[in-house]
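Engineer: The structure under discussion is supplied below as structure tokens; questions concerning it will follow.
The values are calculated or read from the model by the stated rules, or taken from the named source; none is laboratory data. The structure displayed is predicted, hence computed values, not measured ones. Positions of Cβ are generated from backbone atoms using ideal geometry, with glycine treated the same way; all protein chains shown enter the neighbour counts. Just the protein is used for accessible areas: all its heavy atoms, side chains included, with ligands, DNA and RNA removed. Shrake-Rupley method; radii C 1.70, N 1.55, O 1.52, S 1.80 Å.
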Amino acid sequence: MATQTYDFQAVVQRWDRRYRFQQIVKWLPRVIAPFLLLGLGLALYSRFQLGVSDQLVLILTGVGILAGITLLSAILLLWRRTMIYNAQRFDRDFGLQERVSTAIELLEGRIRSTDDLIEHQLEDAYQHANSIVLSERLPLRSD
């Protein structure tokens, strides 16, 4: 059963990586837009006031965009959630009817049952989990 525990963890971790990357793609324009507007405002200001060079406007805008992207990536990639939380979220999002989270709880010993029922539950959950096509369920697109 130890191999099956690893397999469920690997599946949920793969789903979580894809979900985090999807969130980065989704939020990227929302992070870049304010800094582009700031750059536009600085550019307009530099046209009416002497002393603000075009290079300074570009540098400030670029640094702002890079800082925003770095902060977004750090938040989304470093924020850790428990395995069971992720399993429950994906069970709900993918319509798996709590199969994966129940399988993980069975393997961790949180739920007790007979060996035959556990084997059947694990096999059913693993088949359903492996039938998920991530590119369809978690598309990489932004508004």
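Let's see how each residue does on (1) at pLDDT 95 or above; (2) among the hydroxyl-bearing types (Ser, Thr, Tyr); (3) closer than 30 Å to residue 141 by Cβ:
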| site | (1), (2), (3) |
| --- | --- |
| 18 | yes, no, yes |
| 45 | no, yes, no |
| 57 | no, no, no |
| 88 | yes, no, yes |
| 108 | no, no, no |
| 113 | no, yes, no |
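Engineer: Oh, and also: I'd like the residue in the range 109-122 that is touching a helix residue (DSSP H, G or I) at 6+ places or on another chain (Cβ under 8 Å) and in a helix (DSSP H, G or I) and, out of all such residues, is nearest to residue 81 (Cα to Cα). First the steps, then the outcome.
Structural biologist: Our first condition is that a residue be touching a helix residue (DSSP H, G or I) at 6+ places or on another chain (Cβ under 8 Å); within the range 109-122, this holds for 111, 113, 118, 121-122.
Filter again for in a helix (DSSP H, G or I), leaving 118, 121-122.
Details: 118: 26, 121: 24, 122: 23 Å.
Looking at residues that are touching a helix residue (DSSP H, G or I) at 6+ places or on another chain (Cβ under 8 Å) and in a helix (DSSP H, G or I), I get 122.
Engineer: Residues 55, 23, 88: which one is open to solvent by 40 Å² or more (accessible area, probe 1.4 Å) and either closer than 30 Å to residue 135 by Cα or in contact with a Gly (Cβ under 6 Å, 6 or more places away or on another chain) (or both)? Break it down into steps so the answer makes sense when it comes.
Structural biologist: Values: 55 fails: either closer than 30 Å to residue 135 by Cα or in contact with a Gly (Cβ under 6 Å, 6 or more places away or on another chain) (or both); 23 fails: open to solvent by 40 Å² or more (accessible area, probe 1.4 Å).
Every option except 88 fails the conditions.
Engineer: Still on this structure, I have one more. Suppose we keep only residues that are of a type in the set (A, V, I, L, M, F, W, C) and not in a helix (DSSP H, G or I) within the range 18-64. Which one would you say is nearest to residue 76 (Cα to Cα)? So that I can check it myself, show each step before the final result.
Structural biologist: Of all residues in the range 18-64, those of a type in the set (A, V, I, L, M, F, W, C) come to 21, 24-25, 27-28, 31-33, 35-38, 40, 42-44, 48, 50, 52, 56-60, 63.
Adding the requirement that they be not in a helix (DSSP H, G or I) leaves 50, 52.
Working: 50: 40, 52: 35 Å.
Here the answer is 52.
Engineer: For the range 99-122, name all the residues that are open to solvent by 90 Å² or more (accessible area, probe 1.4 Å) and either within 17 Å of residue 9 (Cβ to Cβ) or of a type in the set (A, V, I, L, M) (or both). Break it down into steps so the answer makes sense when it comes.
Structural biologist: At the first step, the residues of the range 99-122 found to be open to solvent by 90 Å² or more (accessible area, probe 1.4 Å) are 108, 110, 112, 115-117, 120.
Listed by number, the residues that qualify are 108, 110, 117.
Engineer: Just one of (1) open to solvent by 90 Å² or more (accessible area, probe 1.4 Å); (2) modelled with pLDDT of 95 or more trips up residue 62, so point out which.
Structural biologist: Status for residue 62: all satisfied but (1).
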